[in-house]
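Q: After the structure tokens below, expect a handful of questions from me.
The values are calculated or read from the model by the stated rules, or taken from the named source; none is laboratory data. Computed from a predicted structure; not experimentally measured. Note that each Cβ is placed from the backbone with ideal geometry, even for glycine, and that neighbours are counted across all protein chains shown.
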Amino acid sequence: MQKEILKEQYGLHLKGREKSALGAGSDTWFLDCEEGKFVLKFPAASEINRPEAEPELCAFLRRQGVPACDFLKNRDGAYLSRDGEGRVFTVQRRLAGVTPAWNTASEALLMDSARILGKIHRALREYPPLPEGIGPGFFRYMTPRRALESYRHSLEIAMGRGEMGIAEDLRWRMKLAGEMAAPDFDLSRLTLCNTHGDYFISQFLCENGRLSAVIDWTTACVHPAVWEIMRSFVYAAPCCREGKVDEALLERFISAYCSEGSLNEYDRQNLVRLYCYQIAVCDYYGQYYASAAGNREIYLEQAYLATRLLKNMSGCLI
């Protein structure tokens with residue numbers, strides 16, 4: 001089916017394909033065609049995914065010198081296509097590079113990623129406002145009380161399956177949620193900006209140890225700049241693998257970001273606390289149990305990493 005669709009809609013002649021094992025939810029294929037190498041992606045059906053906006057956003061960023069994705073138009077001049085089952089998909093050129101594993105970045109790659117994130121934020125100041133990400137709606141809905149309810153439900157599932165390690169993590173998170181106060185972040189003082197929305201090491205392509213491209217812009221939105229900064233650091237820095245943060249390295253990371261972007265004092269004061277709040281009220285264990293994706297283990301790995309980090313940093317929330 002893919003072979004016929006690619007030939008009919010894009011004039012591509014498929015020779016071989018390989019399914020990507022990265023990411024959760026999306027169905028992505030690496031294509032080897034007579035015309036070159038491409039990526040076929042069926043975005044996950046989700047309210048936070050906007051595949052219709054991704055190609056134009058990436059084209060804008062590429063014009064600003066940001067190494068983003070390069071999409072192909074189909075025979076009708078559109079970036080989005082549908083297969084025989086009605087599923088939306090896109091085709092893009094496959095960019096050179098490999099995606100590193102979590103918490104394996106060298107310091108050079110870390111600083112590259114910080115500078116490029118700053119460049120993204122600076123470039124997107126000139127772009128129309130993207131949908132709200134972590135903003136007023138998030139803080140109204142994602143409260144410690146709601147987190148506690150979700151954790152109780154996930155605990156029931158974990159106990160029913162005999163997954164005692166997950167159950168222990170959930171009990172610890174329930175205790176934390178019970179001690180946390182309601183959020184008091186002043187969003188008017190935080191730098192909220194157009195951003196990638198999911199900027200971390202799994203979205204990087206690297207060559208010779210340096211960041212060469214940033215992929216998967218389907219969740220581009222408006223986040224606090226410091227959330228995207230902190231999250232990208234904890235998934236890339238080797239020190240965070242066991243839940244520990246090298247404060248001196250983080251400060252160098254922030255400085256690298258500020259060589260292209262900018263933060264105010266309130267941003268800096270809340271960089272760690274805001275990220276800790278988000279991972280404390282989001283039930284990744286519940287996402288793991290609810291997901292039907294073949295690679296849903298990613299949610300569980302996120303849960304484990306977030307819990308390890310919280311056990312070392314949750315003091316800022318109590």
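Q: Of the residues 199, 141, which single one is in contact with a Lys or Arg (Cβ under 8 Å, 6 or more places away or on another chain) and hydroxyl-bearing (Ser, Thr, Tyr)?
A: Among 199, 141, only 199 is in contact with a Lys or Arg (Cβ under 8 Å, 6 or more places away or on another chain) and hydroxyl-bearing (Ser, Thr, Tyr).
Q: Taking the range 85-99 only, how many residues are among the small types (Gly, Ala, Ser) and under 19 Å from residue 19 (Cα atoms)?
A: Number of matching residues: 2.
Q: Going residue by residue through the range 107-116, is there one that turns out to be closer than 30 Å to residue 253 by Cα, modelled with pLDDT of 95 or more and of a type in the set (Ser, Thr, Tyr)?
A: yes
Q: Could you tell me whether any residue of the range 198-207 is assigned by TED's automatic domain parsing to the domain that holds residue 234, over 19 Å from residue 220 (Cβ atoms) and loosely packed, with under 13 Cβ neighbours inside 10 Å?
A: Yes, the range 198-207 contains at least one residue that is assigned by TED's automatic domain parsing to the domain that holds residue 234, over 19 Å from residue 220 (Cβ atoms) and loosely packed, with under 13 Cβ neighbours inside 10 Å.
Q: Would you mind telling me which numbered condition in (1) surrounded by fewer than 16 Cβ atoms within 10 Å (Cβ to Cβ); (2) of a type in the set (A, V, I, L, M, F, W, C); (3) closer than 19 Å to residue 190 by Cα residue 254 fails?
A: Of everything listed in (1) surrounded by fewer than 16 Cβ atoms within 10 Å (Cβ to Cβ); (2) of a type in the set (A, V, I, L, M, F, W, C); (3) closer than 19 Å to residue 190 by Cα, residue 254 misses just condition (1).
Q: Filter the strands (runs of 3 or more DSSP E) completely within the range 1-79 down to those with at least 3 residues that are closer than 21 Å to residue 293 by Cβ and of a type outside the set (D, E, K, R).
A: 27-33, 36-42
Q: Output the number of residues of the range 114-146 satisfying the condition of being of a type in the set (Ser, Thr, Tyr) and either outside any loop (DSSP other than H, G, I, E, B) or more than 16 Å from residue 220 (Cβ to Cβ) (or both).
A: Selection size over the range 114-146: 2.
Q: Report yes if some residue within the range 185-194 is within 24 Å of the chain's Cα centre (by Cα), aliphatic (A, V, I, L, M) and not assigned by TED's automatic domain parsing to the domain that holds residue 277; otherwise report no.
A: no
Q: Which condition number in (1) touching a Pro at 6+ places or on another chain (Cβ under 9 Å); (2) under 30 Å from residue 190 (Cβ atoms); (3) buried (at least 19 other Cβ atoms within 10 Å of the Cβ); (4) polar (S, T, N, Q) is the one that residue 143 fails?
A: Going through the list (1) touching a Pro at 6+ places or on another chain (Cβ under 9 Å); (2) under 30 Å from residue 190 (Cβ atoms); (3) buried (at least 19 other Cβ atoms within 10 Å of the Cβ); (4) polar (S, T, N, Q), residue 143 breaks only (3).
Q: Taking the range 204-245 on its own, how many of its residues are part of a helix (DSSP H, G or I) and either without any contact (Cβ under 8 Å) to a residue 24 or more places away in the chain or touching a helix residue (DSSP H, G or I) at 6+ places or on another chain (Cβ under 7 Å) (or both)?
A: 15
Condition check ((1) of a type outside the set (Gly, Ala, Ser); (2) touching a Leu at 6+ places or on another chain (Cβ under 7 Å); (3) modelled with pLDDT of 95 or more) across all residues:
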site: 33; (1), (2), (3): yes, yes, yes
site: 43; (1), (2), (3): yes, no, no
site: 60; (1), (2), (3): yes, no, yes
site: 63; (1), (2), (3): yes, no, yes
site: 75; (1), (2), (3): yes, no, yes
site: 79; (1), (2), (3): yes, no, yes
site: 87; (1), (2), (3): yes, no, no
site: 94; (1), (2), (3): yes, no, yes
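Q: Could I ask something else about it? What tally of residues in the range 147-164 results from selecting those that are more than 30 Å from residue 223 (Cβ to Cβ) and either touching a Lys or Arg at 6+ places or on another chain (Cβ under 6 Å) or surrounded by fewer than 15 Cβ atoms within 10 Å (Cβ to Cβ) (or both)?
A: 6
Q: Which pairs have Cβ atoms under 9 Å, sit 6 or more apart or on different chains, and link a residue in the range 141-154 that is without any contact (Cβ under 8 Å) to a residue 60 or more places away in the chain to one that is part of a helix (DSSP H, G or I)?
A: If the second residue must be part of a helix (DSSP H, G or I), the pairs left are 145/177; 148/173; 148/174; 148/177; 148/178; 152/170; 152/174.
Q: Cβ contacts < 6 Å: first residue over 18 Å from residue 10 (Cβ atoms), restricted to the range 82-103; second residue modelled with pLDDT of 95 or more and basic (Lys, Arg), any location; separation 6+ or different chain. Result?
A: So the pair list comes out as 103/241.
Q: Suppose we keep only residues that are within 14 Å of residue 217 (Cα to Cα) and hydrophobic (A, V, I, L, M, F, W, C) within the range 40-57. Which one would you say is surrounded by the fewest Cβ atoms within 10 Å (Cβ to Cβ)?
A: Ranking the qualifying residues of the range 40-57, first place goes to 48.
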